[in-house]
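Trainee: Got a structure for you, questions after.
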Amino acid sequence: MKKGTVKIKFSNGFGNNLFQYCFGRLLAEYHDLNYSHPAIPGLGIKEEKYPFNNNLQTIKFKANSNLEAKKYDIDHLKWFSKEYRYHNFDFHSFLFYFEDYRIYKLYLKKIHLFFNKIEKRNNNDLVLHLRLENRIVQKTHYKNIIKPEVYIKVMQDHFKFDKLYIVTDSKRWDYVDKSHILNLHKKYINRSSSFVSVKKSIQYINNLINVFKEFKPIIVHHDNMIDDFNFIRSFDKIMFKNSTFAWWASFLSEASCVGVFGPWKPNKGGRNKNLGQMDIPGWFSWG
C-alpha cells in the first residue's frame, strides 16, 4: 500500500513556520509518511507536494479563526503514537502553531540534522535578542514589556561575557523623540489601532538606551532576517524574551547557556505557551 501524507500549511511569521515545518516533518518520519509543505527559502527548504492516500482515513484540522483553532491546538504529542500510524494528516488551517516544547525536546538531535550547521563564534560573548518596534508601541505587546533593569540583572547574575551584542528589529539605537514614535504608529496602524501613549514609548526606549550604555553594546540589524537568525545561532551564550524567532535560533545553536523569558506572555495567563519553560541542559528561565 502506498504511503499516506502529512500536509501542512504555514502561517505568517518565520518562527511560527519553523514550529509548523518541524512538527510536520517529525510526524511524517514517525509514521513513515510523505510530507507535503511550503518552502522556507532562507534555510534552503524546498516545497514538497504529495497527494493523500485515499485508502487511508484522514485526520483533518480546520479552523476559521484563532479562537476556534485554540480548541484544537493542544496536546499534539498524542499524534506520535502507533494508533495513528495508518492515517493521512491534513493540517488545513494556517492557525495551528504546535508550540509545545515537549515535542521538540524529544527529538532535539534529529531536528538539528534538518538544518545546516553554521560556524560558531568564540565562547566569551553574549547575544541578546530584543524586539523593539511594535513591542514598544502596541498595547497588546506593551502589556508584556520588561524593564531594562531586569535585563541587566539577569545578564549579570547568569552570564560572564566580554562583549554584548544586541540583535534587534530596529535600525535605530539612540534616544528618540515624538516623531520617531509617530512613524512607528504609521508603520503598524494596519496591525493595531490601539497604541500606548507616545510619552510611555519615548520613556521606555530612552531609558533602555541609557541603562545599556555602560555595556557599550554592539548593535546588529541585518537587512535579511536570516542573517540575524544565523548570527544568533553562532553564539554560545544567548538571552531573549518571548520570540519564536529567537527560540528557534537558540534551539538550533547548541549554545551552552540560553536564558529564555519564563512567563513568555504573562498577559495570556492560562492560555500561555510553555516555550519559556524549556528544560534541556544549558537552558534556564528568567523573569
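Trainee: Between Phe284 and Asn116, what length comes free when the chain is fully extended (0.36 nm per residue of separation minus the Cα-Cα distance, one decimal in nm)?
Mentor: Fully extending the segment from Phe284 to Asn116 adds 57.9 nm.
Trainee: For the stretch 129-227, which GluC sites (Glu not before Pro) pass both filters: DSSP loop (anything but H, G, I, E, B) and at most 15 other C-beta atoms within 10 Å?
Mentor: none
Trainee: What FRET efficiency do you get for Asn123 and Lys216 if R0 is 25 Å and r is their Cβ-Cβ distance, rounded to the nearest 0.05?
Mentor: Efficiency at R0 = 25 Å is approximately 0.80.
Trainee: Taking 0.36 nm per intervening residue step and subtracting the Cα-Cα distance, what contour gain separates Arg85 from Leu108 on full extension?
Mentor: Full extension from Arg85 to Leu108 adds 6.1 nm.
Trainee: Sorting check: for 272-282, 31-41, 3-13, 244-254, which peptide has the highest mean count of neighbouring beta carbons within 10 Å, and how do the rest follow?
Mentor: 244-254, 3-13, 31-41, 272-282
Trainee: Okay, next question. Sorted from fewest to most neighbouring beta carbons within 10 Å, what does the list Lys46, Lys187 look like?
Mentor: Listing Lys46, Lys187 from fewest to most nearby Cβ atoms yields Lys46, Lys187.
Trainee: For the pair Asp227 and Lys143, how long in nm is the line joining their label points, each one 7 Å along Cα→Cβ?
Mentor: A separation of 3.6 nm, rounded to one decimal place.
Trainee: Quick one: compute the contact order of the chain, relative version, from alpha carbon pairs under 8 angstrom and 6+ residues apart, as a percent.
Mentor: Dividing the mean separation by the residue count of the chain yields 18 percent.
Trainee: Here's another thing I want to ask about it. I need the P(r) histogram for the chain: all alpha carbon pairs, bin width 10 Å from 0 out to the longest distance, whole percents.
Mentor: Bins of 10 Å from zero give 6, 26, 33, 23, 10, 3, 0 percent of pairs.
Trainee: Hey, another quick one. From the square roots a ≥ b ≥ c of the eigenvalues of the alpha-carbon gyration tensor of the stretch 5-112, which class results: rounded (a/c under 1.5), prolate (a/b over b/c), or oblate?
Mentor: Taking the square roots of the gyration eigenvalues as a ≥ b ≥ c, the stretch 5-112 is rounded.
Trainee: While we're on this one: Suppose the chain between Lys199 and Asn54 were pulled fully straight at 0.36 nm per residue; how much longer would it get relative to their current alpha carbon spacing?
Mentor: 46.2 nm
Read-outs throughout are calculated quantities, based only on the coordinates presented, and are distinct from any laboratory measurement. As the structure is a computational prediction, the values presented were derived from the model and not from experiment. Quick reminder, even Gly has a Cβ in these numbers, built from the backbone with ideal geometry, and neighbours come from all protein chains shown.
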